[in-house]
1. Do we find a residue being at pLDDT 95 or above, assigned to a loop (DSSP other than H, G, I, E, B), surrounded by 12 or more Cβ atoms within 10 Å (Cβ to Cβ) and charged (D, E, K, R) anywhere in the stretch 121-136?
2. If I ask for residues that are small (Gly, Ala, Ser), within 18 Å of the chain's Cα centre (by Cα) and open to solvent by 40 Å² or more (accessible area, probe 1.4 Å), which ones from the stretch 8-28 would you list?
3. Within the stretch 57-75, track down each residue that is in a helix (DSSP H, G or I), in contact with a strand residue (DSSP E or B) (Cβ under 9 Å, 6 or more places away or on another chain) and surrounded by fewer than 16 Cβ atoms within 10 Å (Cβ to Cβ).
4. For the stretch 33-45, what are the residues that are open to solvent by 70 Å² or more (accessible area, probe 1.4 Å) and touching a helix residue (DSSP H, G or I) at 6+ places or on another chain (Cβ under 8 Å)?
5. Report, ordered by the first and then the second residue, all pairs with beta carbons closer than 6 Å, sequence separation of six or more or different chains, a first member in the stretch 19-46 that is over 30 Å from Leu127 (Cβ atoms), and a second member that is in a helix (DSSP H, G or I).
6. Quick one: is Leu113 over 19 Å from the mean Cα position of the chain (by Cα) and crowded, with 19+ Cβ neighbours inside 10 Å?
7. With the structure loaded, tell me whether Ile104 is part of a strand (DSSP E or B), farther than 28 Å from Ser26 by Cα and among the hydrophobic types (A, V, I, L, M, F, W, C) or whether it fails that test.
Amino acid sequence: MKNAVIYIHGKGGNAKEADYYKKFFSNEYDIIGFDYKADFPWDTKEELPKFFDFIAPQYGKIFLIANSIGAYYAMLSLADKPIEKAMFISPIVDMEKLILNIMIWSNVTEEELHKEKVIETSFGETLSWEYLSYVRNHLINWHIPTNILYAENDNLNSLEIITSFAHKLGASLTVMNNGEHWFHTEEEMAFLDNWFKTFI
């Protein structure tokens with residue numbers, strides 16, 4: 001029985017990104033990208049487990065690669081699944097803090113968001129009271145062996161938050177100096193490759 005590697009992309013990404021990781025695995029592994037349709041965590045909490053439960057019986061071991069908000073969705077939805085190991089790239093590990101930061105950047109108070117329910121920011125993000133409330137009421141409880149890649153200049157996660165999360169989880173944390181949240185430059189991808197080879 002072959003093994004599977006499931007890839008969950010970040011915002012604006014797609015399942016085809018999974019092909020990049022084929023070079024790290026032998027023919028005994030199928031690399032499967034998942035194009036989730038959901039925009040909200042309560043939807044991914046239904047969508048991701050259904051996909052996993054369809055895939056899992058066909059394989060021996062299951063590995064997970066997830067990027068940015070894809071890692072948040074995975075931790076929220078797949079914590080009780082038989083995953084051998086997770087590789088997280090720039091994961092969102094404190095969604096509440098991120099939302100509160102976006103509110104600060106947009107000069108939106110909790111009272112205003114509670115009253116308006118939905119507020120569009122000037123930089124294309126949508127603030128939602130329902131989303132914030134859901135995040136607060138559904139905390140991450142993740143205990144799967146995990147390796148985390150983080151960039152020093154990540155504008156969505158602070159080093160303090162990611163370090164605290166990794167310590168609490170017992171996960172390995174690798175930090176790229178001068179890297180950004182979205183790993184895409186030649187230098188960043190070379191660093192990612194070395195990280196991946198080391199920890200997979």
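1. no
2. Gly12, the sole residue that qualifies.
3. Gln58
4. Answer for the stretch 33-45, where residues must be open to solvent by 70 Å² or more (accessible area, probe 1.4 Å) and touching a helix residue (DSSP H, G or I) at 6+ places or on another chain (Cβ under 8 Å): Lys37, Phe40, Lys45.
5. Going by the 6 Å Cβ cut-off, the qualifying pairs are Phe24/Phe196; Ile31/Ala18; Ile31/Tyr21; Ile31/Lys22.
6. Here the answer is yes, as Leu113 does meet what is asked.
7. So Ile104 does not fit the description; no.
The values are calculated or read from the model by the stated rules, or taken from the named source; none is laboratory data. Note that the structure is predicted; figures quoted are calculated from it, not measured. A quick note on method: Cβ atoms are made from the backbone with ideal geometry, for glycine too, and the neighbour counts reach across all protein chains shown. Accessible surface is based on the protein model in full, side chains and every heavy atom, while ligands, DNA and RNA are left aside. Shrake-Rupley method; radii C 1.70, N 1.55, O 1.52, S 1.80 Å.
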